[in-house]
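Novice: I have a structure I would like to understand better, so I am pasting it below and will then ask my questions one at a time.
The values are calculated or read from the model by the stated rules, or taken from the named source; none is laboratory data. Computed from a prediction, not measured in an experiment: that's the story for all the values here. Backbone-built Cβ (ideal geometry, glycine too); neighbour counts: all protein chains shown. All accessible areas refer to the heavy atoms of the entire protein, side chains included, with ligands and DNA or RNA removed. Shrake-Rupley method; radii C 1.70, N 1.55, O 1.52, S 1.80 Å.
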Amino acid sequence: MRDLVAGSALRPAQLVLPAFVREGASEPTPISSMPGVVQHTRDSLRKAAVEAAEAGLRGIMLFGVPEAKDAIGSGATDPDGILNVAISDVVSEVGDALIVMGDLCLDEFTDHGHCGVLDDAGRVDNDATLERYADMAVVQARAGAGLVGPSGMMDGQVAVIRDALDGAGLTDTGILAYSAKYASAFFGPFREAVDSSLEGDRRTYQQDGRRDGREGVREALLDIEQGADMVMVKPALAYLDVLRQVADAASAIGVPTAAYNISGEYAMLEAAAAHGWIDREAAILETLTSISRAGADVILTYWATEAAGLLR
């Protein structure tokens, strides 16, 4: 009877697997702060994508870890750069079984670790960054990305990317907008995962977690107006209230909402489970169900493939 009236039913098809691929790697490299997660080789990434598709997932989000970085993140717009060849690899491996998504941000590719180009004073230059994002979107789409995920939180990024894609004739490529992304302490393990060069923080362009959900809703609606096909709240667990408000506003106009169950959230649960303090598998499903119950149509989580197996 509990199952009959449960209400919130988590499904494998709403889960997306974030995955890291390291340029020049000969074997997968474990990420110490995220037990069970690795920086893939191109070959191991293909295998992980196949496993995700077979588990019933419908999406994979790719992040590149390049061998070389520079001030403008040149590797992000190089068709032969690691992220773009990885997109092509996965598309050729799984075809339409997964929506292949590319992280559209410069932070993995810049030697200063920020999400954008810096001006002479060392501040992020919003408009100069948008030019880089436009180029990056076109390169990812040509590599085969079904969705691009602008995560840099630059003002006007969705409009610029939509114009660039349409202008290049890539009208079928969608945009998953990181609309409400907060300057969070829970991003720490991700910095290890992408070998981040960041010094300082990103509080000048990511949102302030002390603000109420109205700001997140405003940002999401602006992104929808600019051409976003889907909006996202990141992190998920510390912002479930914002997620509910964004999801209500977006669903009212027919736009899906995603949430990113981020690295620090993953690491906390894994650490507690490793000490025997919680039931790991039950806690994974309870965590993901809470995100779905708060309104997420789509959930990006490092447990995606495993959770799909547990659900099945």
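Novice: Taking every eigenvalue of the Cα gyration tensor of the chain, multiplying by 5 and rooting it, what semi-axes result, largest first, whole Å?
Specialist: 27, 23, 20
Novice: Give, in nm to one decimal, the length gained when the segment between Glu51 and Ser92 is fully stretched (0.36 nm per residue of separation minus the Cα-Cα distance).
Specialist: On the way: separation 41, 0.36 × 41 = 14.76 nm, distance 1.46 nm.
The span from Glu51 to Ser92 would gain 13.3 nm if fully extended.
Novice: Return, for the Cα atoms of the range 77-201, the radius of gyration and Dmax in Å, separated by a comma.
Specialist: Cα radius of gyration and Dmax of the range 77-201 are 14.5, 46 Å respectively.
Novice: What relative contact order, as a whole-number percentage, does the range 63-204 give when Cα pairs under 8 Å and 6 or more residues apart are counted?
Specialist: Worked out over the range 63-204, it gives 25 percent.
Novice: What ranking do 221-233, 161-173, 17-29, 122-134 get when scored by the average of other Cβ atoms within 10 Å per residue, highest first?
Specialist: Peptide ranking by packing, descending: 221-233, 17-29, 122-134, 161-173.
Novice: What do the square roots of 5 times the Cα gyration tensor eigenvalues come to for the range 68-122, in whole Å, largest first, as semi-axes of the equivalent ellipsoid?
Specialist: The answer is 28, 11, 6 Å, longest axis first.
Novice: Determine which lysines satisfy two conditions relative to Lys234: a Cα distance under 21 Å, and not lying fewer than 8 residues away in the same chain.
Specialist: Output for Lys234: Lys181.
Novice: In sequence order, what are the phi-derived ³J(HN,Hα) couplings for the range 220-228 according to the Karplus relation 6.51 cos²θ - 1.76 cosθ + 1.60 with θ = phi - 60°, rounded to whole Hz, with x for glycine and proline?
Specialist: 5, 5, 4, 5, 4, 4, 7, x, 5
Novice: Which is farthest toward the positive dipole end of the chain among Val38, Ser292, Phe187, measuring Cα position about the Cα centre, with Cβ charges +1 (Lys, Arg) and -1 (Asp, Glu)?
Specialist: Ser292
Novice: Amide H to amide H under 5 Å from Ser179: which residues, 5+ apart in sequence or cross-chain, H placed 1.01 Å off N in plane?
Specialist: Met232
Novice: What Rg and what Dmax come out for the range 189-312 when only alpha-carbon atoms are used, in angstroms?
Specialist: Cα radius of gyration and Dmax of the range 189-312 are 15.7, 47 Å respectively.
Novice: Can you tell me the accessible area per residue over the chain, all protein chains present, probe 1.4 angstrom, in square angstrom?
Specialist: For the chain, the solvent-accessible area averages 43 Å² per residue.
Novice: Just tell me which aspartates and glutamates come within less than 15 Å, Cα to Cα, of Lys47; anything on the same chain fewer than 8 places away is out.
Specialist: Result set, ordered by chain and number: Glu27, Asp89, Glu93, Glu306.
Novice: Can you classify the range 134-252 as rounded, prolate or oblate using the Cα gyration tensor, where a ≥ b ≥ c are the square roots of its eigenvalues, rounded means a/c under 1.5, and otherwise it's prolate if a/b beats b/c and oblate if not?
Specialist: Note, shape of the range 134-252 comes out oblate.
Novice: Sticking with this one: With a ≥ b ≥ c taken as the square roots of the eigenvalues of the C-alpha gyration tensor of the range 114-188, please select rounded if a/c is under 1.5 and otherwise prolate if a/b is larger than b/c or oblate if it is not?
Specialist: oblate
Novice: Grab every C-alpha pair in the range 8-62, bin the distances at 5 angstrom width from 0 up to the longest one, and report whole percents.
Specialist: Bin by bin from 0 Å, the calculated values are 4, 20, 26, 23, 15, 8, 3, 1, 0.
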